[in-house]
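A.B. asks: One structure is given below, represented as structure tokens, and several questions about it will come after.
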Number of protein chains: 2
Amino acid sequence: MAVRQLLLKRCSDVLTLKINKGQFSVTVLSQLGKMKYFLPLVFLSFVSGYVYETKWYTVPVDHFSYSVKDTFKLRYLVNVENWNADAKGPIFFYTGNEGDIEMFANNTGFMWDIAKDFQAMVVFAEHRYYGKSLPYGNNSYTDPKNLGFLSSSQALADYADLITYLQKSNSKSKAKTYPVIAFGGSYGGMLSAWFRMKYPYIVDGAIAASAPILQFTGMVPCDAFNRIVTSDFGAISPECPKKIRESWKAITRLTSKDEGMKWLSANWTLCSPLKSDKNVTLLKEWLAEVYTNAAMLNYPYPTNFLLPLPAYPVLEICSKLIANVPKNKTDPDQDKALLMSLFSAISTYFNHTGKTKCLDVNENDSDALMDKGWDYQSCTEMVMPMCSTGEFDMFEAKKWDLGKEAERCKERWGTDPKPYQAEMLYGGRKALPYASKIIFSNGMLDPWASGGVLKAGPKGSDIIAVTIPEGAHHLDLRESNPSDPASVVQARKIHVQYIKKWIKAARSRP
Amino acid sequence: MAVRQLLLKRCSDVLTLKINKGQFSVTVLSQLGKMKYFLPLVFLSFVSGYVYETKWYTVPVDHFSYSVKDTFKLRYLVNVENWNADAKGPIFFYTGNEGDIEMFANNTGFMWDIAKDFQAMVVFAEHRYYGKSLPYGNNSYTDPKNLGFLSSSQALADYADLITYLQKSNSKSKAKTYPVIAFGGSYGGMLSAWFRMKYPYIVDGAIAASAPILQFTGMVPCDAFNRIVTSDFGAISPECPKKIRESWKAITRLTSKDEGMKWLSANWTLCSPLKSDKNVTLLKEWLAEVYTNAAMLNYPYPTNFLLPLPAYPVLEICSKLIANVPKNKTDPDQDKALLMSLFSAISTYFNHTGKTKCLDVNENDSDALMDKGWDYQSCTEMVMPMCSTGEFDMFEAKKWDLGKEAERCKERWGTDPKPYQAEMLYGGRKALPYASKIIFSNGMLDPWASGGVLKAGPKGSDIIAVTIPEGAHHLDLRESNPSDPASVVQARKIHVQYIKKWIKAARSRP
């Protein structure tokens, strides 16, 4: 559930944000040479400097029942150039999440960075129903009967199956099995952690980066996510979230009259002028996305997703918002002044290049598999309650409404969201005392840390909680970068230290 | 896979043994009052003195995918008369295996025996597709599409679902969750162990009695099972298995001529005279069953299954066989003499009452759900290789032939047996280092100990291997009996000791 999934999650009942594929050009900053700056989930594979072979492995559509005997080809990317099979070199295995696996291969530089030292085979396995791993080809999403096999349990079994095959097909006389370390970010990190929990005999350890395995019903407060967003903005200045909170009321007041709608449409250069309350709601939802995305993507260097963003976008937004806030509190046009300040602030987000002609809150990219697939998952087992109080966060109050979500899911997919399914299958916090050898890393700037594991397990369990104060969404999995804060450099060192330990233990198993 | 499943397993390609339901009357021995003597898997519920309420819980047909949205009612039996909910009394949960759950409730006296002291709720959950827990009613077995949801993974998820419901529906303010201990014998024991491995956050410990979780491809030699049968017979006297081994050749020699077939048919009082090699093969298969069943059911008191059996049937068979073996090795009719001795010996098995008029090797009870269901499971994921060498065991050499089994499965069920599925799903021996709080108990007289866990896990793991030298198939789960050998009494004490420990730990969890 990286950026775009979040968008869907938050506002799919009224809005889906359009992403113009043409906007996805990647800025390779000349001064940093081959450095790649991609944002989570959406990257362009052609920019990658990583080399891999694309392979396919046939897996059953259904690993747990025998009614459907269909099989399909799961895509995986593999690089063995550093692999030392004779010395039991490990397999670094990325548990693909909701997107084209090439995106992840090209955006998980950490695995590539350390593969040489570890003499590791690098494997990126695609999550079924994403990218090119479509069990029923073009009909995978068209028929509900076909789509139903999109689930986390099935994906984990795909990975178990594939690793078993990789072990057997590569086995040498002296090394019967190779150590396996799973890596994953976001939902991919959840899969890595769950993989180790459910199949510890197949994977020897897991790096679960920004994996909100607790973001389920009853496990964490549903407003925690938005409190972190607010906290990110408040860290710049308490004035910043305060002004944002005021802005919702200002918009409401202003747009209660036609004149105000016209004023806002003109001054915010909206592509489609506001004409109804629904339009206003869409605009507010879009704004909430801006703040959320800025928090998630609050990386220490310029990035490019949805649109080009500066380094530390939250700082950019807040700086402008605070600088431009009118001092005169008796100003009769206070609402307009505040909203002009806000417009200036968010322009750094939606119009960083200065080339955007108008602000389009109705953009939509619902054809993308990753959007559709994750929405389906959120309408079956990945039900993650989100809400805001308006009191402890800077958003308008919005309750989590399972009933409304269920209606939406029924209409879109014909499914019932199962709010307790993930808990039954994976146990949430209750599963942790029985797990071992998993690093849960969380950036403290990342709103998804709300559902992350922030506490280590019992001594000896190697359930490690690594917090990265200056980190946004799974920054630690990204390629090393000169702008990296010390905390992420240190986090990666911890990862390496435990990976070494786990590999050593795996090598000595019978 | 208790007795009758084994029968199918061993000879389903050429023979299924008919069981006349009229023969299942249970002899309640007057001198032992209310003692119940049932054999594994097939008992009559009406003889039970146990009291329980029959309840139903709705579960999804498919827990892991979302194409099939059907649900069905799972049957479970529950007794709360001893349950002390206020004091966090535990839930004793039998993970039902391949049969009507009332059979298990009535045959797992150990759970009932200790429930009072533990102030426990007693629950017996039925395995889907057995007894009355038929997802598609009378059509559950008729349509392959319906039958495919018969799998161990789905059954375990049923149990996880049911326990979650039991916890929630019974939760009191002071006790949010109750300790849960799983119990199971044979395949039910495998499920108990796997349940703890896959859902440790739902079940706090497991008593896995005679659970051959290693009886899969590549984990144990396929002839180990038959070596234990042989060993049981050899323990009476080395002469016994020797004579049995000689008997196969004697039968072959004798029946190579029509006269010999006639002689054997007459002297063994066969219901259907031998007329072909196929008939002879059937007879041999039937004999192999006799020895195998006698070993599995080598209980210290008389029992009643397939037909009435004396206490320690192996001893009975061997005693007669040895006593009657001709001393004169130059006897020209040596084969006939040996076979008459053998007939006398096996008469204690098939004609203990003296009322059987003829020996019928063609009996068949293939309508029973338990036979059909387990055969389906053995044709999908529960593929348990069995073979005999004729060298280290007393049987004729017979290789494990997966190809032949696959042909049979294809023909009967349209399925492909997956020899490595159980290993992928449950890990076999490799999963044990990651498991905790499971007692694997094995009777050393039980051929299924071949696939059992006989070695404890690392200190502190509470992976306990309890061996019961004088025990046959999950004797320890049966009701306490005056004839119980000391070793099973001791085994039950160990069970109780660990159950106490696990409950205490569960009560102190947050």
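Coordinate-derived values only; no laboratory data. Source: prediction; values computed, not measured. No Cβ is skipped: glycine too gets one built from the backbone with ideal geometry, and neighbour counts run over all protein chains shown.
A.B. asks: Looking at the range A:427-463, which trypsin sites (Lys or Arg not before Pro) are in a loop (DSSP not H, G, I, E or B) and have at most 12 other Cβ atoms within 10 Å?
C.D. replies: Listed in order of number, the matching sites are A:LYS455, A:LYS459.
A.B. asks: Given the pairs B:LYS176/B:LYS504; A:LYS459/B:LYS437; A:LYS145/A:LYS399; B:LYS168/B:LYS493; B:LYS116/B:LYS168; B:LYS243/B:LYS404, which are separated by over 26 angstrom at their Cα positions?
C.D. replies: A:LYS145/A:LYS399; B:LYS168/B:LYS493; B:LYS243/B:LYS404
A.B. asks: For B:GLN497, place a label point 7 Å out from Cα along the Cα→Cβ vector, do the same in each other copy, and report the separations in nm, one decimal, smallest first.
C.D. replies: 4.0
A.B. asks: OK, next. If neighbour count is taken as other Cβ atoms inside 10 Å, put B:CYS358, B:CYS222, B:CYS379 in order from fewest to most.
C.D. replies: Exposure proxy ranking, most exposed first: B:CYS358, B:CYS222, B:CYS379.
A.B. asks: Of the options B:LEU321, B:ILE101, B:VAL280, report the single residue whose Cα projects farthest towards the positive end of the charge dipole of chain B (beta-carbon charges: Lys, Arg +1; Asp, Glu -1).
C.D. replies: Going by the Cα projections, it comes out as B:ILE101.
A.B. asks: On to the next question. Quick one: in chain B, whose Cβ comes closest to the B/A rotation axis, and how close in angstrom?
C.D. replies: Closest to the axis: B:PHE64, 2.
A.B. asks: Please identify the longest segment of chain B free of exposed GluC sites (Glu not before Pro), where exposed means a DSSP state other than H, G, I, E or B and no more than 13 other Cβ atoms within 10 Å.
C.D. replies: Segment B:82-390 is the longest.
A.B. asks: So for chain B, averaging the separation of alpha carbon pairs under 8 Å that are six or more residues apart and normalising by length, what relative contact order in percent results?
C.D. replies: Relative contact order of chain B: 20 percent.
A.B. asks: A further question follows. For a test of the definition: using alpha carbon positions, the gyration tensor, and the 1.5 limit on a/c, classify the range A:337-423 as rounded, prolate or oblate.
C.D. replies: Oblate shape, in that a/c is at least 1.5 and b/c is the bigger or equal ratio.
A.B. asks: Work out the length of the dipole vector of the range B:420-486 about its Cα centre, built from +1 on the beta-carbon of each Lys and Arg and -1 on the beta-carbon of each Asp and Glu, and round it to the nearest 20 debye.
C.D. replies: Computed charge dipole of the range B:420-486: roughly 400 debye.
A.B. asks: Give the span of the protein assembly as shown's Cα atoms along each principal axis, as three whole-Å numbers ordered largest to smallest.
C.D. replies: Taking max minus min along each principal axis of the Cα atoms, the protein assembly as shown gives 121, 61, 48 Å.
A.B. asks: Okay, next question. Taking a label point 7 Å out from Cα toward Cβ, give me the nm distances from A:PRO238 to the same spot in the other copies, shortest first, one decimal.
C.D. replies: A:PRO238 label point versus its equivalents elsewhere: 9.2 nm.
A.B. asks: While we're here: Tell me, Kirkwood radius of the range B:223-319 from alpha-carbon pair distances, in Å?
C.D. replies: About 14.5 Å, per the Kirkwood formula over Cα pairs.
A.B. asks: Return A:ARG253, A:ARG75, B:ARG245 ranked ascending by Cβ neighbour count within 10 Å, so the fewest neighbours appear first.
C.D. replies: Ordered from fewest to most neighbouring Cβ atoms within 10 Å, A:ARG253, A:ARG75, B:ARG245 come out as A:ARG253, B:ARG245, A:ARG75.
A.B. asks: Could you please report the charge total around B:ALA295, scoring K, R as +1 and D, E as -1 over all other residues with beta-carbon less than 12 angstrom from its beta-carbon?
C.D. replies: Within the 12 Å Cβ shell, the charges total -3.
A.B. asks: Assign one of three labels to the range B:352-510, namely rounded, prolate or oblate, based on the Cα gyration tensor with a ≥ b ≥ c the square roots of its eigenvalues; rounded applies when a/c is under 1.5, prolate when it is not and a/b is larger than b/c, and oblate otherwise.
C.D. replies: In terms of gyration-tensor shape, oblate.
A.B. asks: Rounded to the nearest 500, what is the protein assembly as shown's calculated 222 nm mean residue ellipticity when only DSSP H runs of at least 4 contribute -39500 (n - 2.57) each, over all residues?
C.D. replies: Only helices count here, giving -12000 deg cm²/dmol.
A.B. asks: Kirkwood Rh, Cα Rg: Rg to Rh for chain B?
C.D. replies: 0.98
A.B. asks: Continuing with the same structure: Can you tell me the orientation of helix B:369-378 relative to chain B, as the angle in degrees between its alpha-carbon axis and the longest Cα principal axis, to the nearest 10?
C.D. replies: So the helix axis and the longest Cα principal axis differ by about 90 degrees.
A.B. asks: Still on this structure, I have one more. Relative to the longest principal axis of the C-alpha atoms of chain B, give the angle of the C-alpha long axis of helix B:486-507, reported between 0 and 90° and rounded to the nearest 10°.
C.D. replies: Result, in degrees: 20.
A.B. asks: Hey, got the average number of other protein chain Cβ atoms within 10 angstrom for residues in A:151-157?
C.D. replies: 3
A.B. asks: Could you line up A:TYR76, B:TYR498, B:TYR136 from fewest to most neighbouring Cβ atoms inside 10 Å?
C.D. replies: If I rank by nearby Cβ atoms, fewest first, I get B:TYR136, B:TYR498, A:TYR76.
A.B. asks: Continuing with this model, one more query. Just in the range B:98-173: which trypsin sites (Lys or Arg not before Pro) are loop by DSSP and have at most 13 other Cβ atoms within 10 Å?
C.D. replies: Hits after loop and neighbour filter: B:LYS172.
A.B. asks: Starting from a label point 7 Å past Cα on the Cβ side, list the distances from B:ASP70 to the same position in the other copies, nm, shortest first.
C.D. replies: 1.8
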